[in-house]
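Student: Got a structure for you, questions after.
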Amino acid sequence: MLKALLLTAVAASFSFAAEPAAGPDPDVALKVLLTGNRRFVAGRATHPHQTLARLRELSKGQHPSAVILSCADSRVAPELLFDQGLGDVFIVRVAGNILDDENLGSIEYAVEHLGTRLIVVLGHQRCGAVSAAVQGGKPAGHVGKLVEDIQPSVEATKGKPGDAVENAMRANVLRMVSLIADDETLGPVIKEGKVKVVGARYDLDNGRVELVK
Ligand SMILES: [Zn+2]
């Protein structure tokens, strides 16, 4: 009897680990981010969830409501520009907000194990990594690899009207959105509507975040 009870308890704990409570509806999560951004832009940020009490509340686990793949640029700090705090957003940052296997693994982890249902790919105005890719050539060292990963978006927008860096940045955001949507792990849950992936652009001049479609 005791053995049966123990086995049931073990099975229950495993099933909890594999299927955490699903996070908020992705549309609600997106609205929370955009509303936070509007507060930031208006100079009315509330800096939520940044107390020691919040830190203690999270010490046993996290259920962030969004995963954000953003550029490493020091001016693009997601917690600040979305007016969020500890435990609110799971952030993956790399110059040019590009996907590689490790980044994708981080995103999958948040979705599969933390119950996060919204993925945001956040590009930004005048991105240095995108500018380097638009300038062409192959920069020395590992920067060359970054530029190479952005190159398809530069090629896709070459000769289009408007600013070349802006066009390539938007194309790069949308390319990462499609790569995530086509991922063999994330693709099915995105198609089922359980998880949503969106592209967004951060404006360095006024701090505003707009969706990129
Ligand atoms: Zn950038």
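Student: Please state which one of I150, I180 is among the hydrophobic types (A, V, I, L, M, F, W, C), more than 16 Å from the ligand (Cβ to nearest atom) and either in a loop (DSSP other than H, G, I, E, B) or surrounded by 18 or more Cβ atoms within 10 Å (Cβ to Cβ) (or both).
Tutor: Testing whether each residue is among the hydrophobic types (A, V, I, L, M, F, W, C), more than 16 Å from the ligand (Cβ to nearest atom) and either in a loop (DSSP other than H, G, I, E, B) or surrounded by 18 or more Cβ atoms within 10 Å (Cβ to Cβ) (or both) leaves just I180.
Student: Another question about this same structure. What's the number of the condition D205 fails, among (1) in a loop (DSSP other than H, G, I, E, B); (2) under 18 Å from D25 (Cβ atoms)?
Tutor: All conditions pass for D205, except number (2).
Student: List every residue pair whose Cβ atoms sit under 7 Å apart, with the two residues 6 or more apart in sequence or on different chains, where the first one lies in region 195-210 and is free of Cβ contacts under 8 Å to residues at least 24 places away in the same chain and the second, anywhere, is crowded, with 16+ Cβ neighbours inside 10 Å.
Tutor: Partner pairs satisfying both residue conditions: E210/A200; E210/R201.
Student: Something else: With the condition kept exactly as written, say whether any residue in region 85-93 is within 23 Å of A29 (Cα to Cα) and of a type in the set (K, R).
Tutor: yes
Student: May I pose another question? Taking into account only those residues within region 129-142 that are in contact (Cβ under 8 Å) with a residue 24 or more places away in the chain and either more than 14 Å from A168 (Cα to Cα) or within 19 Å of the chain's Cα centre (by Cα) (or both), which is farthest from the ligand (Cβ to nearest atom)?
Tutor: Checking each candidate, the answer is V130.
Student: Considering each residue of region 183-202, count those that are over 19 Å from G105 (Cα atoms) and part of a loop (DSSP other than H, G, I, E, B), and give that number.
Tutor: Final tally of qualifying residues: 2.
Student: Can you tell me which residue in region 153-165 is farthest from the ligand (Cβ to nearest atom), limited to those that are crowded, with 17+ Cβ neighbours inside 10 Å and over 27 Å from L34 (Cα atoms)?
Tutor: Filtering first and then ranking leaves T157.
Student: Restricting attention to helices (runs of 4 or more DSSP H) lying wholly within region 44-127, give those where 2 or more residues are within 15 Å of the ligand (Cβ to nearest atom).
Tutor: 78-81
Student: Has region 158-169 got any residue that is within 17 Å of the chain's Cα centre (by Cα), part of a loop (DSSP other than H, G, I, E, B) and either β-branched (V, I, T) or more than 18 Å from R75 (Cβ to Cβ) (or both)?
Tutor: No.
Student: Taking V130 and the conditions (1) within 30 Å of Q62 (Cα to Cα); (2) surrounded by 21 or more Cβ atoms within 10 Å (Cβ to Cβ); (3) among the aliphatic types (A, V, I, L, M), which numbered condition does it fall short on, given that it satisfies the others?
Tutor: (1)
Student: Next question. Only one residue in A29, A9 is at pLDDT 95 or above and assigned to a helix (DSSP H, G or I). Which one?
Tutor: So the residue among A29, A9 that is at pLDDT 95 or above and assigned to a helix (DSSP H, G or I) is A29.
The values are calculated or read from the model by the stated rules, or taken from the named source; none is laboratory data. Quick caveat: nothing in here was measured; it's all calculated off a predicted structure. With ideal geometry, Cβ positions are generated from the backbone for all residues, glycine too; neighbour counts draw on all protein chains shown.
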